[in-house]
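**Student:** Here it is, the structure in full.
The values are calculated or read from the model by the stated rules, or taken from the named source; none is laboratory data. Because the structure is a prediction, the values reported are computed rather than measured. In this analysis, Cβ positions are derived from the backbone assuming ideal geometry, glycine residues included, and neighbour counts consider all displayed protein chains.
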Amino acid sequence: MTPGLGVRAAARLVDAVLLTGIAFGLGSVIGFGVDWLGLQLLLVLVWFVASDALLGRTPGKAVFGLRVEGAEGGLPSWREAVIREAFVALGAIPFVGPLLALAAWLAIVVTVRRSPDGRGLHDRWAGGTRVVAS
């Protein structure tokens, strides 16, 4: 079964809330004088890439019973997971990053909605990953 955009967005929101808590926790321990854009980017990429490649799901996806499948149907490879989440790095580009990130999100939403199997542009670039109900 292909999960809808609403449940996928809710899972991403849960992950965002958890990541925000982790970031504030790190900030209180190491101080807020570090390069927070770089640290946040690293944290987000590690969170999503490692969760997908090792478990097939982030904590947010687990809450909603979702998982990411690789092109072969099992766990995504590290390569697939990195490519699938690479769009997140767009937000870190100075000046134009937020606009590029917004454009990437819109492209993903449109392509997920138009795809009969719920695959977004990022899934296609990754070689055929997809989000499924577990």
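**Student:** For the stretch 76-93, state whether one or more residues are over 11 Å from the mean Cα position of the chain (by Cα), aliphatic (A, V, I, L, M), under 19 Å from Thr129 (Cα atoms) and crowded, with 19+ Cβ neighbours inside 10 Å. Quick ask: steps written out before the conclusion?
**Tutor:** Initially, the stretch 76-93 is screened for residues over 11 Å from the mean Cα position of the chain (by Cα), giving 76-80, 90-93.
Within this subset, residues satisfying the condition of being aliphatic (A, V, I, L, M) are 90, 92-93.
Subset that is under 19 Å from Thr129 (Cα atoms): none.
Looking for residues that are over 11 Å from the mean Cα position of the chain (by Cα), aliphatic (A, V, I, L, M), under 19 Å from Thr129 (Cα atoms) and crowded, with 19+ Cβ neighbours inside 10 Å, one finds none in the stretch 76-93, hence no.
**Student:** Scan the stretch 1-60 for residues that are in a loop (DSSP other than H, G, I, E, B) and surrounded by fewer than 15 Cβ atoms within 10 Å (Cβ to Cβ) and jot them down. First the steps, then the outcome.
**Tutor:** From the stretch 1-60, those in a loop (DSSP other than H, G, I, E, B) are 1-4, 31-35, 56-58; that's our starting set.
Met1, Thr2, Gly4, Gly31, Phe32, Gly33, Val34, Asp35 - these are the residues of the stretch 1-60 that are in a loop (DSSP other than H, G, I, E, B) and surrounded by fewer than 15 Cβ atoms within 10 Å (Cβ to Cβ).
**Student:** Is at least one residue of the stretch 101-115 closer than 22 Å to Met1 by Cβ, assigned to a helix (DSSP H, G or I), free of Cβ contacts under 8 Å to residues at least 24 places away in the same chain and of a type in the set (D, E, K, R)?
**Tutor:** Here is the first cut: in the stretch 101-115, the ones closer than 22 Å to Met1 by Cβ are 108-115.
Within this subset, residues satisfying the condition of being assigned to a helix (DSSP H, G or I) are 108-114.
Subset that is free of Cβ contacts under 8 Å to residues at least 24 places away in the same chain: 108, 110-111, 114.
Keeping just the survivors that are of a type in the set (D, E, K, R) gives 114.
Yes, the stretch 101-115 has at least one match.
**Student:** Separate question: Among the residues of the stretch 70-83, is any of a type outside the set (Phe, Trp, Tyr), touching a His at 6+ places or on another chain (Cβ under 8 Å) and either over 17 Å from Leu55 (Cβ atoms) or assigned to a helix (DSSP H, G or I) (or both)? Even if it seems obvious, please write down each step before you answer.
**Tutor:** Taking the stretch 70-83 as the starting set, the residues that turn out to be of a type outside the set (Phe, Trp, Tyr) are 70-77, 79-83.
This time we only want the ones that are touching a His at 6+ places or on another chain (Cβ under 8 Å), so: 83.
Applying the additional criterion that residues be either over 17 Å from Leu55 (Cβ atoms) or assigned to a helix (DSSP H, G or I) (or both) yields 83.
Looking through the stretch 70-83, at least one residue is of a type outside the set (Phe, Trp, Tyr), touching a His at 6+ places or on another chain (Cβ under 8 Å) and either over 17 Å from Leu55 (Cβ atoms) or assigned to a helix (DSSP H, G or I) (or both).
**Student:** Kindly evaluate Phe87 against the criterion of being among the hydrophobic types (A, V, I, L, M, F, W, C), in a loop (DSSP other than H, G, I, E, B) and modelled with pLDDT under 95. It would help to see each step written out before you state the result.
**Tutor:** Values: among the hydrophobic types (A, V, I, L, M, F, W, C): yes; in a loop (DSSP other than H, G, I, E, B): no; modelled with pLDDT under 95: yes.
Here the answer is no, as Phe87 does not meet what is asked.
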